Every structure is written in structure tokens, then in C-alpha cells.
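Visitor: Structure incoming, see below.
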Amino acid sequence: MRVLLDTHVLLWALAEPARLDTETRATIESSEVEVLFSAAAIWEIAIKAGLGSREFAFDPAEIARAGLDTGFSELAVRANAAALVGRLPLLHGDPFGRVLVAQAIIEPATLYTTDRQLVPYSDLVKHVGEE
């Protein structure tokens with residue numbers, strides 16, 4: 001099984017794992033699961049931290065390093081995923097969320113997200129919540 005973490009889930013998994021529900025935390029911690037984080041998530045952290053968002057008050061390079069140190073795999077934004085973003089229906093205006101959906105479809109991987117608006121895009125998108 002492959003799981004792609006959206007930006008919030010990535011931050012919670014690394015900095016506040018107690019916020020994740022029990023099932024999500026168990027899946028992410030399982031040795032049977034390949035956990036991916038997207039370069040787009042690191043880009044989102046960089047942009048929003050630079051804008052002063054308290055929710056994203058993290059050093060993006062440290063988050064990327066922590067993800068790798070934890071055993072997660074970095075997922076580059078490939079051209080075919082970027083192209084797919086343009087073919088997705090405009091159900092959600094957030095470009096970061098849309099590229100994560102496209103990556104989940106292309107890879108394939110189950111996208112774990114806190115954003116309910118992304119769920120209608122694909123059966124590969126799973127909403128996860130807080131504990």
C-alpha cells in the first residue's frame with residue numbers, strides 16, 4: 001500500500017502525531033505501508049510560512065529532512081501529474097490540493113487529507129481527521 005500525505009497530515013505526522021486519528025497513525029507507522037510526501041507540500045509550507053501563517057510556522061527544509069529521516073519517501077511533481085491538474089474538474093480552488101490529487105492518481109497512492117473538498121476527485125482520496 002502507498003499513502004501520500006497532504007500538507008496538514010504531513011505536519012501532524014511529524015510534529016503532532018497525537019492529532020491524527022488512531023487508524024491513520026497506525027497506517028502511517030506500519031512497515032507494510034510506503035509513506036510519501038510531495039515536493040508540493042514542502043512548497044506550500046514555504047509559501048504559507050513566508051506569508052506568516054501560524055498554521056504553517058515550520059521551516060520547510062526541516063520538514064523535508066524530518067520526513068526523510070522518519071522513513072517517508074519524497075515524491076517529485078512530475079510532468080504527467082502537473083498536466084493532469086489541468087484536466088481535473090474545478091471542484092477545489094487550492095492548487096496545492098489539486099496537484100496532490102493528481103499525484104495520487106498518477107502514482108497511484110491513497111491521498112490522506114484533512115480537506116473534505118478533495119474527496120470527490122477520486123476513490124484514492126481519503127479524508128482523515130483528528131483524534
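Visitor: Determine, from the Cβ-Cβ distance of Trp43 and Met1 and an R0 of 41 Å, the FRET efficiency 1/(1 + (r/R0)^6), rounded to the nearest 0.05. Don't skip to the answer; put the middle values down first.
Guide: Working: r = 25 Å, r/R0 = 0.62.
Calculated value: 0.95.
Visitor: Also: Just the Cα atoms of the chain, one point each, no solvent: what log10 I(q)/I(0) does Debye give at q = 0.11 Å⁻¹?
Guide: Here the Debye-derived log intensity ratios amount to -0.34.
Visitor: Could you list which residues have their amide H under 5 Å from that of Leu36, counting only those 5 or more apart in sequence or on another chain, with H placed in the peptide plane?
Guide: Result for Leu36 returns Val3, Leu4, Leu5, Ser73.
Visitor: Which whole-number percent is the relative contact order of the chain (Cα, under 8 Å, 6+ apart)?
Guide: Numbers: 199 pairs, mean separation 41.5, N = 131.
Reported relative contact order: 32 percent.
Visitor: Report the Cα centroid-to-centroid distance between the stretch 1-35 and the stretch 47-86 in angstrom, as an integer.
Guide: 15 Å
Visitor: For the stretch 22-90, what D do you get in µm² per second when you plug the Kirkwood radius from alpha-carbon pairs into Stokes-Einstein at 4 °C and 1.567 mPa s? Mind dumping the intermediate values first?
Guide: Numbers: Rh = 13.8 Å.
Value of D from the Cα-based Kirkwood radius: 94 µm²/s.
Visitor: Let me ask something else. Take the Cβ-Cβ distance between Val85 and Glu29 as r, set R0 to 30 Å, and report the resulting FRET efficiency rounded to the nearest 0.05.
Guide: On the way: r = 30 Å, r/R0 = 1.01.
In this case the efficiency is close to 0.50.
Visitor: Of Glu34, Glu44, Glu16, which has the largest mean-square fluctuation in a 10 Å C-alpha GNM of the chain?
Guide: Glu16
Read-outs: derived from the displayed coordinates by stated rules, not from any lab. Everything quoted here is computed from the prediction, not taken from an experiment. So basically every Cβ, Gly included, is an ideal-geometry build from the backbone, and we count neighbours across all protein chains shown.
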